[in-house]
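The values are calculated or read from the model by the stated rules, or taken from the named source; none is laboratory data. Nothing here was measured: the structure is a model prediction, and the numbers come from that model. No Cβ is skipped: glycine too gets one built from the backbone with ideal geometry, and neighbour counts run over all protein chains shown. Quick note on the areas: whole protein, heavy atoms, side chains included, nothing else; ligands and nucleic acids left out. Shrake-Rupley method; radii C 1.70, N 1.55, O 1.52, S 1.80 Å.
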Amino acid sequence: MEISKELAQSIVVEMKKIIDKDLNFIDSNGIIIASTDETRIGTYHAGGKQVILRKDIIKINRDEEYIGSRKGINLPLNFNGELIGVIGISGETNEVEKYGQIIKRMSEILIKEAWILKRNEEESEKERIFLETLLFQNSFLYNPIIFSETLEEIEKKKNGVIIVGKIIKIYDLESIKKIYDPIRIKVKKYNGYSMLNQNTIIILDFHKDREKIIELLSEFNKKEFLSFGVGKIKEKIGELKDSYKEGVEALEWGIKSKNEITFYDDLDLELIIKNITKNLAQIYKEKIFKKLTNKEIEEYKIIFLLYEKYNGSLNKIAKELFIHVNTLQYKLNKLYEKTDLNMRNYNDFTKLKIAFMLKVE
């Protein structure tokens, strides 16, 4: 494994904060590629080269004991069983050697963390390219660089579904990534794929059970920052583009209706309403709501959604609205007076449902 100069420099800078001694990072050729003493960067360190050759600690008791060296201690750095460089601490040997093993271990931890981060970024990028190719291009590129699995292996999983999520009311990238990263880890655990595009999450999931999908998505929505649209399950991978379009449509309705999870399979009137012209929609809304103010429309919309949620239970609706049942009944009576529509009547309920659905357009 080759350590970048940037990573090496960040390591020596961080280590100096701990022990307040100059440090060098020496590569396998004996060249100092990073140092807290800028004058030494790029110079040859024969003591460091000896550490590489011997695979052991070298203590230097006087300056220039080895060409390009100063007093101090130099220790081998290992990663995955491979010697990848040397960390050197400058100073009186008997003073700095007590820091040796601590600095060596901490440096190796930083290297491992950097490797894990880079690997995760590479895997995330591969998943992004894979999903973009699968969903947005006309043909799939058989390229091992893009993804390790062949198209045939992925197709064997069958019954894939595209889930489209939106991170709501959060705009800075760091906060978005904090929400997305646990999702990616969980999806990966179930052998699915995911990508992040600004504040939109796209997931290719292979759960065949609706309840399993709900269980997966509900886990991520504890703070109401997310809304998900779930397309239809497709048997063939070539049909997943349609699942994506369905997921997007379900998400749009879910956001408008403030639902955490919306399945395309559950859309019915929504599919018809989507194709109603704006002019016709406006005519219908004016017919239903002509005697209501905008404030009243919004108030009755909340009541209507709760009426639908609780299957007409006035007690449950009143409890959620923190009002008395009699107050709720009074409001429903006023709605009837102004619209001539009664929620308890099936036909009137349907008319109101369509009007409120058009209102969210």
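Restricting attention to region 184-235 and to residues that are of a type in the set (Asp, Glu) and outside any helix (DSSP H, G or I), the residue that is most open to solvent (accessible area, probe 1.4 Å) turns out to be 224. For residue 37, the criteria (1) in contact with an Asp or Glu (Cβ under 8 Å, 6 or more places away or on another chain); (2) farther than 17 Å from residue 23 by Cβ; (3) of a type in the set (Asp, Glu) hold in every case but one, which is (2). Would you call residue 349 touching a residue at least 60 places away in the same chain (Cβ under 8 Å) and farther than 30 Å from residue 243 by Cβ? No: the conditions fail for residue 349. Looking only at region 139-165, residues that are open to solvent by 60 Å² or more (accessible area, probe 1.4 Å), at pLDDT 65 or above and not in a helix (DSSP H, G or I) come to 1 in all. Evaluating residue 292 against the criteria (1) exposed (fewer than 15 other Cβ atoms within 10 Å of the Cβ); (2) of a type outside the set (Lys, Arg); (3) in contact (Cβ under 8 Å) with a residue 24 or more places away in the chain leaves one unmet condition, (1).
Considered as a group, the residues in region 236-268 that are in a strand (DSSP E or B) and open to solvent by less than 20 Å² (accessible area, probe 1.4 Å) include one that is nearest to residue 304 (Cα to Cα), and that residue is 262.
Checked against the criterion of being over 22 Å from residue 257 (Cα atoms) and open to solvent by less than 60 Å² (accessible area, probe 1.4 Å), region 316-324 has at least one qualifying residue. For region 1-17, does any single residue satisfy the condition of being part of a strand (DSSP E or B), open to solvent by 20 Å² or more (accessible area, probe 1.4 Å) and of a type outside the set (Lys, Arg)? No - not one qualifying residue is present in region 1-17. Filtering region 157-180 to residues that are out of contact with any helix residue (DSSP H, G or I) (no Cβ under 9 Å at 6 or more places or on another chain) and not hydrophobic (A, V, I, L, M, F, W, C) leaves 159, 169, 171, 172, 174, 175, 177, 178, 180.
Close contacts from region 201-222, counting a first residue that is closer than 12 Å to residue 187 by Cα and a second that is among the polar types (S, T, N, Q), with Cβ to Cβ under 6 Å and a gap of 6+ residues or different chains, come to 203/194. For region 189-210, a residue qualifies if it is charged (D, E, K, R) and either more than 22 Å from residue 235 (Cα to Cα) or modelled with pLDDT of 90 or more (or both), and exactly one does: 205. Of all the criteria given as (1) surrounded by fewer than 16 Cβ atoms within 10 Å (Cβ to Cβ); (2) in contact (Cβ under 8 Å) with a residue 24 or more places away in the chain; (3) over 12 Å from residue 355 (Cα atoms), the one not satisfied by residue 271 is (2). Scanning region 320-337 for any residue that is free of Cβ contacts under 8 Å to residues at least 40 places away in the same chain and closer than 29 Å to residue 250 by Cα turns up at least one such residue. Based on this model, can you work out whether residue 279 counts as in contact with a strand residue (DSSP E or B) (Cβ under 7 Å, 6 or more places away or on another chain) and within 20 Å of residue 358 (Cα to Cα)? No: the conditions fail for residue 279.
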